[in-house]
Amino acid sequence: MGAALGFINGILVTKLRLHSLVLTIGTAGIYGGVTLVLTKGVAITGIPAEIQFLGRGNVYGIPVPFIIMLVVLAIGTFITLKTPFGRYMYAVGNNTQAAKMLGIKVDRVRVAIFTLAGLLAALAGLLMVARLGTAQPSIGDTWVLPPIAASVIGGVATTGGVGTPLGAIFGAAIIAIIENIIVLFGVSPYWQGVVSGAIVVLAISFDAISRRYIRREG
């Protein structure tokens, strides 16, 4: 289902030439609203133990979610760095017009990326449900900013074409460390959103300034 909804986003972006970020925010509201309609806002309980194992289980002392993360990271790194599709992604992100001139099917690549994003979002949701043992219809509504901050800190350019999955993981680790420091120092958890937002603004500003400097030097 996540892949299908991501595919729909990709089709809307490529065929209607809509802004991807604005469209994603809009469809997220639609999908979230449908979830509330179907569940009537009531949490789903009674998650089978086999599913909960994905979020709470251990294999030789290693948490299953961590193992799944490593597997996804390995696959993502291989695809982005070692396959033609990965090179197409970077090319489309760097310069769409140049990618078209090289014969790359830009729309197909973008639809595939949106589909993969939907699939990974669904996997993350499944793991969270398995972790909590319940499915809250509104869970995740406030989780948009931290992943963006983690990606930007890890070197992923918001303009596209730059960054690696491993860098995003390192960025997420840094965000987690900062949040733990806030807790250890007894700072209100409400400041976490402020910190995440400030990190995004600073990272984007640094990226924009460095790109401008590189172009000027070139």
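The values are calculated or read from the model by the stated rules, or taken from the named source; none is laboratory data. Values in this document were obtained by computation on a predicted structure and should not be read as measured data. A quick note on method: Cβ atoms are made from the backbone with ideal geometry, for glycine too, and the neighbour counts reach across all protein chains shown. Ligands, DNA and RNA are excluded from the accessible area calculation, which covers all protein heavy atoms including side chains. Shrake-Rupley method; radii C 1.70, N 1.55, O 1.52, S 1.80 Å.
Give me the angle, in degrees from 0 to 90, between the Cα long axis of helix 84-94 and the longest principal axis of the Cα atoms of the chain, rounded to the nearest 10.
Approximately 70 degrees, to the nearest 10.
Taking the radius of gyration and the Kirkwood hydrodynamic radius from Cα positions alone, what is the Rg/Rh ratio for the stretch 1-93, to two decimal places?
Values: Rg = 18.1 Å, Rh = 16.8 Å.
For the stretch 1-93, the value is 1.08.
Apply the Kirkwood formula to the stretch 133-187: the hydrodynamic radius equals the inverse of the mean of 1/r over all pairs of different alpha-carbon atoms; give it in Å with one decimal.
Radius from the Kirkwood sum: 12.6 Å.
Note down the nm distance, to one decimal, between modelled labels 7 Å out along Cα→Cβ at Tyr31 and at Ile177.
Computed distance between label sites Tyr31 and Ile177 equals 3.1 nm.
Name the lysines eligible as straight-distance cross-link partners of Lys105: C-alpha to C-alpha under 27 Å, and not fewer than 8 places from it in the same chain.
Partners within reach: Lys15, Lys82.
Please work out how much accessible surface Leu5 shows to a 1.4 Å probe, ignoring ligands, DNA and RNA, in Å² rounded to 10.
50
Rounded, prolate or oblate: pick one for the stretch 14-154, where a ≥ b ≥ c are the square roots of the eigenvalues of its C-alpha gyration tensor, a/c under 1.5 means rounded, and failing that, prolate if a/b is larger than b/c, else oblate.
Working: a/c = 2.65, a/b = 1.45, b/c = 1.83.
Note, shape of the stretch 14-154 comes out oblate.
For the stretch 1-140, what % of the accessible area comes from carbon and sulfur atoms, probe 1.4 Å? Don't skip to the end; give the middle numbers.
Numbers: 6430 of 8890 Å².
Reported share for carbon and sulfur atoms: 72 percent.
Could you tell me how many degrees, from 0 to 90 and to the nearest 10, lie between the Cα long axis of helix 106-132 and the main elongation axis, the longest principal axis, of the Cα atoms of the chain?
So the helix axis and the longest Cα principal axis differ by about 20 degrees.
Angle check, please: helix 165-184 long axis (alpha carbons) against the longest principal axis of the chain (alpha carbons), in degrees 0 to 90, nearest 10.
It is inclined by approximately 50 degrees.
If you count only protein heavy atoms with a 1.4 Å probe, what accessible area per residue comes out for the chain, rounded to a whole Å²? The partial results should precede the final answer.
On the way: 14160 Å² over 218 residues.
About 65 Å² of surface per residue is accessible.
Could you list the residues of the stretch 159-179 with an amide nitrogen less than 20 Å from a label point located 7 Å from the Cα of Leu81 in the Cα-to-C-beta direction?
From the stretch 159-179, the list is 160-174.
Mind checking the full-extension length gain between Lys15 and Ala198? Use 0.36 nm per residue of separation minus the Cα-Cα distance, one decimal, nm.
Details: separation 183, 0.36 × 183 = 65.88 nm, distance 3.45 nm.
Taking 0.36 nm per residue and subtracting the Cα distance, the gain is 62.4 nm.
From the protein chains alone at 1.4 Å, what is the descending order of accessible area for Thr142, Thr35, Thr80, largest first?
Working: Thr142 115, Thr35 55, Thr80 25 Å².
Solvent-accessible surface, decreasing: Thr142, Thr35, Thr80.
Please work out the C-alpha center-to-center distance from the stretch 150-211 to the stretch 78-111 and express it in whole Å.
Each part reduced to its Cα centre gives a spacing of 26 Å.
Taking square-rooted eigenvalues a ≥ b ≥ c of the alpha carbon gyration tensor, is the stretch 75-215 rounded, prolate or oblate, where a/c under 1.5 means rounded and, failing that, a/b exceeding b/c means prolate? Provide the component values of the computation, followed by the final result.
Numbers: a/c = 2.50, a/b = 1.40, b/c = 1.79.
Here the stretch 75-215 falls in the oblate category.
Just to verify a number: what accessible area does Phe66 come out at with the full protein assembly present, 1.4 Å probe, Å² rounded to tens?
Roll a 1.4 Å probe over it and Phe66 shows about 100 Å².
To the nearest 0.05, what FRET efficiency results for Ile209 and Val22 with a Förster distance of 30 Å applied to their C-beta separation?
Details: r = 25 Å, r/R0 = 0.83.
According to the calculation, E is roughly 0.75.
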